[in-house]
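Asks: Before we start, here is the structure in question, set down as structure tokens.
The values are calculated or read from the model by the stated rules, or taken from the named source; none is laboratory data. Computed from a prediction, not measured in an experiment: that's the story for all the values here. Note: ideal-geometry Cβ built from the backbone for every residue, glycine included; neighbour counts use all protein chains shown. Ligands, DNA and RNA are excluded from the accessible area calculation, which covers all protein heavy atoms including side chains. Shrake-Rupley method; radii C 1.70, N 1.55, O 1.52, S 1.80 Å.
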Amino acid sequence: MAAGVFGLRDRAAGAALAAGLATLILGTLIAVALQARGLSGLGPWDWRAVWFTLWQAALSAALSALLAVPVARALARRRFPGRAALVTLLGAPFILPVIVAIMGLIAVFGRNGALNDGLRLIGLPEFSVYGWQGVILAHVFFNLPLSVRLILQGWQAIPAERFRLAESLGFGPADIARHLERPMLRAVLPGVWLAVFLVCLTSFTVALALGGGPSATTVELAIYQAFRFDFDLGRAATLGLVQIGLCVAAMGLARWIAVPAAFGAGIASQQGPRGPRGWRVGADIAAILLAAGFLLWPILAVTIQGLPRIPLLPPEVWQATLRSVVMALVSAVLSISLGLVLALSIARGRAAWIELAGMLPLVASPLVLGTGLFILLRGWLSPDDMALPVTVAINAIMALPFGLRSLIPAARDLRADYGRLAESLNLHGMARLRYLTLPRLARPLGFAGGLAAALAMGDLGVITLFATNDPTLPLKLYQLMNSYRMQDAAACAVLLMAISFLLFWLFDRGGRLA
Amino acid sequence: MLELSDIHVARGDFALAADLRIAPGARVAIIGPSGSGKSTLLSLIGGFLTPQRGQVSWQGTDLLPLSPGQRPVSFLFQDQNLFPHLSVAQNVGLGLRPDLRLGPDQQAQVQDALTQVGLRDMGPRKPENLSGGQQSRVALARVLLRARPILLLDEPFSALGPALKSEMLALLGRIADRTRATVLMVTHDPGDARAFADQTIVVDQGRAEAPQPTQALLDNPPAALRAYLG
């Protein structure tokens, strides 16, 4: 009977975890709802935050999607050395810590940055990176690459035969655009727009560092301010409900518009369409150079500024670094353990609600969860005690949907390919985990772990709610920025970026080698 | 005695009924058109499928409550009989202990089984470094070690060439002799049935018939079987 018991235990574990996750998230949301005071509790300031959240997300999404089109087209129809590296690089912002990118944008677009030096030189008014324009600039920085990858996928999905047919019919670039490219874009762009819109809807770190004030406060930032500055839990909770409402409504849009998978595809090396000659060559080169420059320049600027100063960083930065690395590792292990059990349950089929539970984190923003957990735990723990555990837990949960996207298909394949063989050999429990599941799922587990570790490492979100004496590295970086120690902040940023990428690389590589 | 009494399975348009007995130690071929339910019959005995109605028993023991791994059954599938990430020796060792905690004598048993199928030095290799025929031998070595009284084969050698296939059937025959197993083998090839099985079950039009002597059946096939054999 051992196998039966183990089988039952496997099955129960998945359901129990999913139920636990759903209880945690929904319970937290209910705690928030009970604390909330009804919409009448919100002042005009709060409604401005709602309005700003909506229009900045809409505008950021529109700009990212539209600017991505020429870049994706250039990448689709030109072949050049470094193209593959560039497309890979376009995936990097996903795991680039937001606060690092902000440092980079300040280095280029800030008061003393190259842009304003140039503007001053030709006598034009300065550009301020703070305020709504800075928020949108940062959102485009993060989401333009994502959009390019998603649109490039659309281009590559046009069958090569169709381009050949177009060529044999003597189509010019305008004809190709009309008959092949525009129909594809009409199908792809709404999904790209919605994907970016969803990301920007829960934007916190960008608004925290570059926004603020009446004209550039998002709902997430307003929750933080209500919580931290006014300690008005009722208002924070009410805003949390508004944030959930926004997310649910936006997810509802996804019923009509298919949202593409998060990171976009890699590149097929197959020969794509041949690009037209003439002035369009120059235009394509310009599009690629501008996009690459926009992406790389801020990162290079902050690296040049910060790298030499890393050895001079004060000891508390190194303590924060160690703390962050440990937290990121715990978060990653939690996240992939949870993801693995859920994916195996989902692969067994039947229980659609388990999959739903795994995707729940997408509607719950980190700040809302943080507020809810604080409300639930405040009777037992001091804010200082709960800061790090709550941060670790929320980061693990927030990374879960991304991990599940790679784990679920792999778990389904595993079951289809080897499920019957394992059953017939009575391979169950730990033996099955060790000799079948872990070896076969090492790649997606490594990838999911890398994402979770990098996201946790770079996250500057829920930790800001708690006035903790043990800051994480991103929080330490933010504190340095706020005290205008920009040299140290830049060094911190380089360190944080390097560790985030290294963690991702180690996990991902480990999964491939296993 | 392997008994299938009053079995009825239905899934959508597909249905299969069976009511038959197979003597211990018998070698039985299962033939019939594609989609007639040959593999379904094996899945029923192997435990991958529960019938809506009826009984499956072996030597008087009801098999239905048992999971596939608990049944007195070894199963060779059409493909995916080996785990590609485990070594040949590990793949065989799973037949002794699924947790692979093998003592020295058990490791000797694994080595012995590999020697008997002609793969003496292949233990440390991965399946991908073996030919198709050698991979079949690894799976057969595991069958030999598990020594379960019932052996179910779902066209396991269909990807092999004719010479290799008859070699495998001969090896299979020796292993079945050694373990005194009752063998049920799905096949598309009446030649396999003649060569290996003294009895044959015809599956057609939603029914698995009782086993009949292979020679007589194939020499003088009923109308439906003749249409299938061509």
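Asks: Since A:F163 meets every condition but one in (1) open to solvent by 20 Å² or more (accessible area, probe 1.4 Å); (2) touching a residue at least 40 places away in the same chain (Cβ under 8 Å), which condition does it not meet?
Replies: Going through the list (1) open to solvent by 20 Å² or more (accessible area, probe 1.4 Å); (2) touching a residue at least 40 places away in the same chain (Cβ under 8 Å), A:F163 breaks only (1).
Asks: Looking only at the stretch B:32-41, decide whether some residue is assigned by the TED database to the domain that holds B:A181 and closer than 21 Å to B:D177 by Cβ.
Replies: No, the stretch B:32-41 contains no residue that is assigned by the TED database to the domain that holds B:A181 and closer than 21 Å to B:D177 by Cβ.
Asks: Can you tell which of A:A453, A:A490 is aliphatic (A, V, I, L, M), in the same structural domain as A:I397 (by the TED database), under 17 Å from A:G306 (Cβ atoms) and open to solvent by less than 10 Å² (accessible area, probe 1.4 Å)?
Replies: On inspection, the qualifying residue turns out to be A:A490.
Asks: Scan the stretch A:205-233 residue by residue and report those that are open to solvent by less than 10 Å² (accessible area, probe 1.4 Å) and either part of a loop (DSSP other than H, G, I, E, B) or in contact with a strand residue (DSSP E or B) (Cβ under 9 Å, 6 or more places away or on another chain) (or both).
Replies: A:A216, A:T217, A:T218
Asks: Of all the strands (runs of 3 or more DSSP E) wholly in the stretch B:1-70, which have at least 1 residues that are open to solvent by 20 Å² or more (accessible area, probe 1.4 Å) and without any contact (Cβ under 8 Å) to a residue 12 or more places away in the chain?
Replies: Once the strands (runs of 3 or more DSSP E) in the stretch B:1-70 are filtered for at least 1 residues that are open to solvent by 20 Å² or more (accessible area, probe 1.4 Å) and without any contact (Cβ under 8 Å) to a residue 12 or more places away in the chain, what remains is B:2-11.
Asks: Taking the stretch A:228-246 as the region of interest, how many residues are in contact with a helix residue (DSSP H, G or I) (Cβ under 8 Å, 6 or more places away or on another chain) and more than 11 Å from A:V32 (Cβ to Cβ)?
Replies: 4
Asks: Please work out which residue is surrounded by the most Cβ atoms within 10 Å (Cβ to Cβ), limiting yourself to the stretch A:107-132 and to residues that are at pLDDT 90 or above and either within 21 Å of the chain's Cα centre (by Cα) or of a type in the set (F, W, Y) (or both).
Replies: A:F109
Asks: Could you list, ordered by first residue, the pairs with Cβ atoms under 7 Å in which the first is in the stretch A:497-514 and in a helix (DSSP H, G or I) and the second is basic (K, R), at least 6 apart or interchain?
Replies: Short answer, once both residue conditions are applied: A:G511/A:R443; A:R512/A:R443.
Asks: Still on this structure, please answer the following. Determine if the stretch A:489-509 includes at least one residue that is basic (K, R), within 14 Å of chain B (Cβ to nearest Cβ) and in contact with a helix residue (DSSP H, G or I) (Cβ under 9 Å, 6 or more places away or on another chain).
Replies: no
Asks: For residues in the stretch A:62-95 being assigned to a loop (DSSP other than H, G, I, E, B) and at negative phi, which is nearest to the chain's Cα centre (by Cα)?
Replies: Here the residue is A:I95.
Asks: Tell me, which residue of the stretch B:71-105 that is under 24 Å from the mean Cα position of the chain (by Cα) and part of a helix (DSSP H, G or I) is nearest to the other protein chains (Cβ to nearest Cβ)?
Replies: Applying the filter and picking the extreme gives B:Q90.
Asks: Considering only residues that are at pLDDT 80 or above and in contact with a Gly (Cβ under 9 Å, 6 or more places away or on another chain), look in the stretch A:246-291 and name the one that is nearest to A:L29 (Cα to Cα).
Replies: A:D284
Quick grid of which residues meet (1) within 24 Å of A:T238 (Cβ to Cβ); (2) outside any helix (DSSP H, G or I); (3) open to solvent by 30 Å² or more (accessible area, probe 1.4 Å):
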| residue | (1), (2), (3) |
| --- | --- |
| A:I336 | no, no, yes |
| A:G339 | no, no, no |
| A:P361 | yes, no, no |
| A:G379 | yes, yes, yes |
| A:V390 | yes, no, no |
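Asks: Right, another one. Taking into account only those residues within the stretch A:392-417 that are of a type outside the set (A, V, I, L, M, F, W, C) and surrounded by fewer than 24 Cβ atoms within 10 Å (Cβ to Cβ), which is farthest from the other protein chains (Cβ to nearest Cβ)?
Replies: Filtering the stretch A:392-417 for residues that are of a type outside the set (A, V, I, L, M, F, W, C) and surrounded by fewer than 24 Cβ atoms within 10 Å (Cβ to Cβ), the one farthest from the other protein chains (Cβ to nearest Cβ) comes out as A:P401.
Asks: Right, something else. Within the stretch A:35-61, can you find the residues that are assigned to a helix (DSSP H, G or I) and modelled with pLDDT under 85?
Replies: A:Q35, A:L39, A:S40, A:G41
Asks: Also, I was wondering about something else. Does the stretch A:454-483 hold any residues that are modelled with pLDDT under 90 and assigned to a loop (DSSP other than H, G, I, E, B), and which are they?
Replies: Answer for the stretch A:454-483, where residues must be modelled with pLDDT under 90 and assigned to a loop (DSSP other than H, G, I, E, B): A:G461, A:F466, A:A467, A:T468, A:N469, A:D470.
Asks: For the stretch A:418-447, enumerate the residues that are within 7 Å of another protein chain (Cβ to nearest Cβ), under 21 Å from B:L140 (Cα atoms) and of a type outside the set (A, V, I, L, M).
Replies: Selection gives A:Y418, A:R420, A:E423, A:S424, A:N426, A:Y435.
Asks: For B:A108, all conditions in the list (1) among the small types (G, A, S); (2) within 24 Å of B:A208 (Cβ to Cβ); (3) open to solvent by 30 Å² or more (accessible area, probe 1.4 Å) hold save one; what is the number of the exception?
Replies: So the condition that B:A108 fails would be (2).
Asks: Evaluate the following for A:A236: is it buried (at least 19 other Cβ atoms within 10 Å of the Cβ), at pLDDT below 90 and in a helix (DSSP H, G or I)?
Replies: yes
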